[in-house]
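Nothing in this text is a laboratory measurement; each read-out follows from the coordinates by a stated rule. The structure presented is a predicted model; accordingly, all values stated were derived computationally and were not measured. Virtual Cβ from ideal backbone geometry, glycine too; neighbours counted across all protein chains shown.
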Amino acid sequence: MPAVSIIIVCMNRPDNLRPCLRSIKEHTTADCEIFVVAYRFSADNLSAMREEFPYVRFIVNDSLSGFSENNNLALRQAGGEYCFVLNDDTELPGPAIDRLLEDFSRLPEDAAIVSPKLLNADGTLQLCGRPDYPALNYVLQQWHLYKEPVDNGSGLFRTFNISGAAFLIKTSIFRELGWFDETYYFTPEDIALSTLARRRGYSVWCDSDACVVHKWRTTASRIAPAIRPCAVRGSLIFFSGGSALRYFLLGLGVWTAELGKRIKAAVLGHKAELLTYRHITRSIWTRKSPKEIFIRYFNEL
């Protein structure tokens with residue numbers, strides 16, 4: 001059994017995947033297996049990646065699937081004692097995986113997850129642990145009245161939530177929790193996972209001495225008009241906790257904020273942004289699932 005199963009989902013972006021895989025090979029000494037979910041890959045790109053990285057197990061998926069679904073395809077095959085979930089638009093500047101594995105030898109038995117510090121492509125701090133994120137803060141963030149803190153501690157410290165971009169978790173606990181909740185097509189699957197873990201009595205940690213570069217600002221998606229509406233719908237489902245009244249109140253706050261952005265985009269003639277905000281405001285009050293919302297708007301692009 002390998003020490004760690006590394007799970008990466010990549011949507012036909014060899015330009016992201018290649019440096020990510022190279023950095024893992026360069027900076028990781030732990031016994032590991034690597035799974036790449038090749039999501040909607042072209043035949044040429046898939047062939048090239050398989051030839052360049054013969055030690056990687058590629059799982060081909062051409063159906064429309066979200067972040068949680070794609071990860072779960074590989075996670076259910078993971079044989080490692082730990083799973084390291086990693087975005088394709090990341091690079092390891094050092095032995096982050098080895099460091100996180102070592103952390104578990106120093107943590108209490110109830111420790112389930114350890115996340116690294118995330119850096120932007122320019123080296124600035126992106127996230128270092130994630131504090132509690134109540135529903136009110138989510139609404140305020142849509143109004144640009146709240147910004148999630150980027151630094152929550154130093155060294156090896158206990159935190160509340162993780163970022164889905166990179167984290168290490170005990171495979172047995174991940175399996176017990178049911179892997180990623182596929183209700184959340186894109187977000188907030190990471191907060192949902194760490195919240196469930198804490199509710200089950202497990203602890204969540206961060207190590208600021210383990211670093212991963214996350215280049216998300218340089219890989220902005222052209223399918224935002226499909227991703228963001230389903231992300232908002234998923235977030236409202238999560239934060240409302242099954243209460244219709246709570247959903248209405250949260251949804252009203254978010255809908256008002258997004259309507260203002262929609263009006264501003266229309267006045268300024270920003271057609272791409274206008275389309276995204278239009279889809280968001282329409283998706284808040286629907287009964288459709290985040291996946292159904294994504295498929296609808298993806299097919300319209």
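Say the dipole of the chain comes from +1 at the beta carbon of Lys and Arg and -1 at that of Asp and Glu; which of Thr276, Phe160, Leu252 then lies farthest toward its positive end?
Comparing the listed Cα positions along the dipole, Leu252 ranks first.
With no solvent and one equal point scatterer per Cα, compute the Debye intensity ratio I(q)/I(0) for the chain at 0.12 Å⁻¹ and report its log10, rounded to two decimals.
Each listed q corresponds, in turn, to -0.81.
Nearest 10 degrees is fine. How inclined is helix 271-283 to the longest principal axis of the chain, computing both from alpha carbons?
Tilt relative to the chain: about 90 degrees.
Can you tell me the alpha carbon radius of gyration of segment 149-246 divided by the globular rule-of-thumb value 2.2 N^0.38 Å?
Segment 149-246 yields a ratio of 1.19.
How much net charge surrounds Leu64 when only the other residues with a Cβ under 10 Å from the Cβ of Leu64 are counted, with Lys and Arg +1 and Asp and Glu -1?
It works out to a net charge of 0.
Of Ala111, Ala266, Ala166, which has the largest mean-square fluctuation in a 10 Å C-alpha GNM of the chain?
Judging by the Gaussian network model, the answer is Ala266.
Would you look at the GNM of the chain, springs on alpha carbons closer than 10 Å, and say which of Leu259, Leu101, Leu92 moves the most?
Maximum fluctuation in the GNM of the chain, among the listed residues, is at Leu259.
With each label point set 7 Å from Cα along the Cα-Cβ vector, what nm distance links Leu301 and Leu196?
Here the modelled spin labels are 2.6 nm apart.
Mean separation of Cα pairs under 8 Å and 6+ residues apart, divided by the residue count of segment 224-300: what relative contact order is that in percent?
53
Ignoring the sites themselves, what is the longest stretch of the chain with no trypsin sites (Lys or Arg not before Pro) in a DSSP loop and at most 11 other beta-carbon atoms within 10 Å? Provide the component values of the computation, followed by the final result.
Values: sites that count: Arg76, Arg106, Lys147, Arg222, Arg287.
Within the chain, the longest run free of exposed trypsin sites (Lys or Arg not before Pro) spans 1-75.
Output the relative contact order of segment 143-301, whole-number percent, from Cα pairs under 8 angstrom with separation of 6+ residues. Intermediate results must be reported in sequence, preceding the final value.
Details: 166 pairs, mean separation 43.3, N = 159.
Dividing the mean separation by the residue count of segment 143-301 yields 27 percent.
By how many nm would the segment from Thr256 to Arg175 grow when fully extended, if each residue of separation counts as 0.36 nm and the alpha-carbon distance is taken off? Don't skip to the answer; put the middle values down first.
On the way: separation 81, 0.36 × 81 = 29.16 nm, distance 3.88 nm.
Value of the extension gain: 25.3 nm.
Rounded to two decimals, what is Rg over Rh for segment 33-175 when you use alpha-carbon atoms and the Kirkwood radius?
Over the Cα atoms of segment 33-175, Rg/Rh equals 0.99.
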